[in-house]
Amino acid sequence: MYFSQSDAVELFKDCLRKIHPCECIPSKIKFNRASNSLIINDDTVDLNRSNGIYLIGMGKASVPMAEALSSILDEKLTSGMIISPEKSGIADDKIHILHSSHPIPDQSSVDAAEQLIRFVRSIPKGATLFNLISGGTSSLFCKPADGISVDDYAIMVEQLLKSGASINEINLVRKSVSAVKAGRFLEHLHHTILIDLIISDVPDNNPENIGSGPTTAQSFSYREVFNILDRYNLKKDLPDSVISHLQRHSDEIFKSKEIDHHRTYTLISAKEAAEVAAAIIQKRGFEVIVDDTPWAGPIDRFVQHIITKAESLLPDTAPVALIFYGECTVQVSGTGKGGRNQELALRMADKLSDCDRDLIFLSGGTDGVDGPTDAAGAVVNQNTKRVAKSMNADLNSYLMNNDSYHFFEKVGGHIKTGPTGNNVMDLQLLFIL
């Protein structure tokens, strides 16, 4: 069959369209006018005793999530407030949008958090409050613990993102120095009937880790936080205010308290995105194999995992597509520009150059943003390294400097979708032609 890198990118974009919140949420949430209730994931939420219906949200998907829910609730919605990284509007004048910073928080993140807290405090007792949480919440909804400036908090986050720590490890450190994460936001919501609606961007779909769990009661040990800092040699790079705060609590176990009338529903996850991608790819004539579980771990191990899965299939003649999903971690040592998807594609280009069969590999973020770049990821094939050499671009030099963005800018292969208004981790597609 004829199948190109452009075809692979179009399949990826088609998947993004099909998993968009405005496309998916109406199939997950139905309004029953006769009973004045919502059916969410086959569970019934009675609205008859509600003292008004309100909406808040935070994260990369907050705008389309709010649009979808507002359309379902229609005139039942009283008002709402959401925090978004994008300066976009919404087709509902009842919902106020705050803009905040991602992936590194700044003063706008703190201002937005404080304004949202004031809003929820003004909601009347007994109101139903829909809380829309998606990836990016950890940065967008940020209020550091007392004694820690937002600048010091931002330095901490920047160092964590470069360290190679997993998302759960990063979130645990963020929780330990926050005034709103790890269930602390619940302190402001006792008077409401709280319903969390979540789009998951973590491998285990655990709400404790999605957006650092602002409304999920949980506990953790500050000793484990120190273990993470030691594991990645971070203590020397973090501001004194952060270290001092952690030392004051070093022997403590933190525990937040649950509130009455609280339910949580996960609406979309990476597994669903992988299944949607599989259905799309099958229509193109490929046999499709979806990896069993979402990936979480170092990038070099992920590369080996993909290669090992593919090697047993290379002798076969039928076209086959392998689908992986999750997020790998990259320990940044160079001074280049890139993100984990571009870095993964570049490493795979190196590995695929030894194959004598036509192969295409794509890695892209479902949020449309890979690291601090304007690309979602990149696509390569078994000839990418050879083509780069003919253009005087040494692939290994770019890898050594963590400079995947400039490699693909020179050689070609970038996937650029713009921010998608969604975030269910990353998708990797390997086509064996």
> Could you give every pair whose Cβ atoms fall below 6 Å, whose first residue belongs to region 304-331 and is under 27 Å from I170 (Cβ atoms) and of a type in the set (V, I, T), and whose second residue is at pLDDT below 95 and in a loop (DSSP other than H, G, I, E, B), counting only separations of at least 6 or pairs across chains?
Replying inline: T329/G164; T329/S166
> Can I133 be described as under 26 Å from V45 (Cα atoms) and touching a Gly at 6+ places or on another chain (Cβ under 7 Å)?
Replying inline: yes
>> Can you say whether A321 is modelled with pLDDT of 95 or more, assigned by TED's automatic domain parsing to the domain that holds R284, within 23 Å of G412 (Cα to Cα) and touching an Asp or Glu at 6+ places or on another chain (Cβ under 8 Å), as far as the supplied structure shows?
In response: yes
> Within the group V369, V380, V387, which residue is surrounded by 24 or more Cβ atoms within 10 Å (Cβ to Cβ) and over 21 Å from the mean Cα position of the chain (by Cα)?
Replying inline: V380
> In region 192-208, how many are surrounded by 24 or more Cβ atoms within 10 Å (Cβ to Cβ) and in a loop (DSSP other than H, G, I, E, B)?
Replying inline: 4
>> Anything in region 19-43 that is closer than 30 Å to S363 by Cβ and surrounded by 15 or more Cβ atoms within 10 Å (Cβ to Cβ)? List them, or say none.
In response: I19, H20, P21, C22, E23, C24, I25, K28
>> Tell me the residue from T266, T317 that is hydroxyl-bearing (S, T, Y) and surrounded by 14 or more Cβ atoms within 10 Å (Cβ to Cβ), please.
In response: T266
>> Give all pairs with beta carbons closer than 7 Å in which a residue from region 262-279 that is of a type outside the set (A, V, I, L, M) meets a residue that is surrounded by fewer than 23 Cβ atoms within 10 Å (Cβ to Cβ) and not in a strand (DSSP E or B); count only pairs at least 6 apart in sequence or on separate chains.
In response: T264/P207; Y265/N41; T266/N205; S269/N205; K271/P294
>> Can you report the number of residues in region 234-254 which are surrounded by fewer than 15 Cβ atoms within 10 Å (Cβ to Cβ) and within 25 Å of the chain's Cα centre (by Cα)?
In response: 0
> In region 210-232, which residues are without any contact (Cβ under 8 Å) to a residue 24 or more places away in the chain and farther than 30 Å from I198 by Cα?
Replying inline: D230
>> It is to be established whether one or more residues within region 250-261 are modelled with pLDDT of 95 or more, over 29 Å from L194 (Cα atoms) and hydrophobic (A, V, I, L, M, F, W, C).
In response: no
>> Can you name every one of the helices (runs of 4 or more DSSP H) wholly within region 1-86 that holds 3 or more residues which are over 23 Å from the mean Cα position of the chain (by Cα) and over 27 Å from F185 (Cβ atoms)?
In response: 5-18
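The values are calculated or read from the model by the stated rules, or taken from the named source; none is laboratory data. Bear in mind that the values here come from a model prediction, so they are computed numbers and not experimental data. For neighbour counting, all protein chains shown are included, and Cβ atoms are generated from backbone atoms with ideal geometry for every residue, glycine included.
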